[in-house]
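K.L.:
Here you go, one structure.
The values are calculated or read from the model by the stated rules, or taken from the named source; none is laboratory data. As the structure is a computational prediction, the values presented were derived from the model and not from experiment. Quick reminder, even Gly has a Cβ in these numbers, built from the backbone with ideal geometry, and neighbours come from all protein chains shown.
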Amino acid sequence: MSILSIATSGLSAASLRVNVAASNIANVNTTGPLPASGGSSTSAGAGIAPTFPAAYVPLRVDQVSQSSGSTPGGTVATVSAVSPSFTVQSDPSAPFANQDGLVASPNVDLASEFVEMATAKYSFIANAKVIQAYAETTESLLDITT
């Protein structure tokens, strides 16, 4: 695998980390009914109960070394759901709260999400520097041979 392929795989992984962390942060307050409640709210005397969307399911990025073929290198990043995806939170004013006033809240740790964003930032910078150094070295090599 070439240096450029390795660096661009790192750039892609860093970009994916930023996107996932931003999505988790943006949806930290997107609550929903507890899964045990069947996703709907029932009220006495109502013919058909309204259905509410589920709580946001937070995501995480798993990054591993790419080791395929005779010349391994680079990285592969995949997105998966966080497990458990929700925590129980008290919000009696929510229309989908159960009889105890509880709702499902995304299992997002804001401190961890900001660490992910910082890690992605420095990973992106490092891989961009590798590409820049490769380009400068190639340019110098071409100047020497002409």
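K.L.:
Going through Val103, Val18, Val108 one at a time, which residue ends up being modelled with pLDDT of 95 or more and part of a loop (DSSP other than H, G, I, E, B)? Even if it seems obvious, please write down each step before you answer.
P.N.:
Working: Val103 fails: part of a loop (DSSP other than H, G, I, E, B); Val18 fails: part of a loop (DSSP other than H, G, I, E, B).
The match here is Val108.
K.L.:
Hey, among the residues in the range 80-125 that are charged (D, E, K, R) and touching a residue at least 24 places away in the same chain (Cβ under 8 Å), which one's surrounded by the fewest Cβ atoms within 10 Å (Cβ to Cβ)?
P.N.:
Restricting to residues being charged (D, E, K, R) and touching a residue at least 24 places away in the same chain (Cβ under 8 Å), the top hit is Lys121.
K.L.:
Name every residue in the range 56-79 that is more than 16 Å from Asn27 (Cβ to Cβ), of a type outside the set (Ser, Thr, Tyr) and surrounded by 11 or more Cβ atoms within 10 Å (Cβ to Cβ), in order of residue number.
P.N.:
Within the range 56-79, Gln63, Gln66, Pro72, Gly73, Gly74, Val76, Ala77 meet the criteria.
K.L.:
Modelled with pLDDT of 95 or more, under 18 Å from Gly74 (Cβ atoms) and surrounded by fewer than 16 Cβ atoms within 10 Å (Cβ to Cβ), is that true of Lys129?
P.N.:
Here the answer is yes, as Lys129 does meet what is asked.
K.L.:
Which of the numbered conditions does Ser70 fail, given that it passes all the others? Conditions: (1) at pLDDT 90 or above; (2) out of contact with any Pro (no Cβ under 8 Å at 6 or more places or on another chain); (3) part of a loop (DSSP other than H, G, I, E, B).
P.N.:
The single condition Ser70 does not satisfy is (1).
K.L.:
State the number of residues belonging to the range 34-55 that are assigned to a loop (DSSP other than H, G, I, E, B), modelled with pLDDT under 50 and surrounded by 10 or more Cβ atoms within 10 Å (Cβ to Cβ).
P.N.:
Result for the range 34-55: 4.
One line per residue, one yes/no per condition, for (1) of a type in the set (Gly, Ala, Ser); (2) closer than 23 Å to Thr8 by Cβ; (3) in contact with a helix residue (DSSP H, G or I) (Cβ under 7 Å, 6 or more places away or on another chain):
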site: Ser85; (1), (2), (3): yes, no, no
site: Asp100; (1), (2), (3): no, no, no
site: Glu113; (1), (2), (3): no, no, yes
site: Ser123; (1), (2), (3): yes, yes, yes
site: Asn127; (1), (2), (3): no, yes, yes
site: Val130; (1), (2), (3): no, yes, yes
site: Tyr134; (1), (2), (3): no, yes, yes
site: Ile144; (1), (2), (3): no, no, no
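K.L.:
Can I ask one more? Criterion first (within 22 Å of Arg17 (Cβ to Cβ), under 17 Å from the mean Cα position of the chain (by Cα), in a strand (DSSP E or B) and among the aliphatic types (A, V, I, L, M)) does Val76 satisfy it? Show your work before the answer.
P.N.:
Details: within 22 Å of Arg17 (Cβ to Cβ): yes; under 17 Å from the mean Cα position of the chain (by Cα): yes; in a strand (DSSP E or B): yes; among the aliphatic types (A, V, I, L, M): yes.
Yes; evaluated as a whole, the condition is true for this residue.
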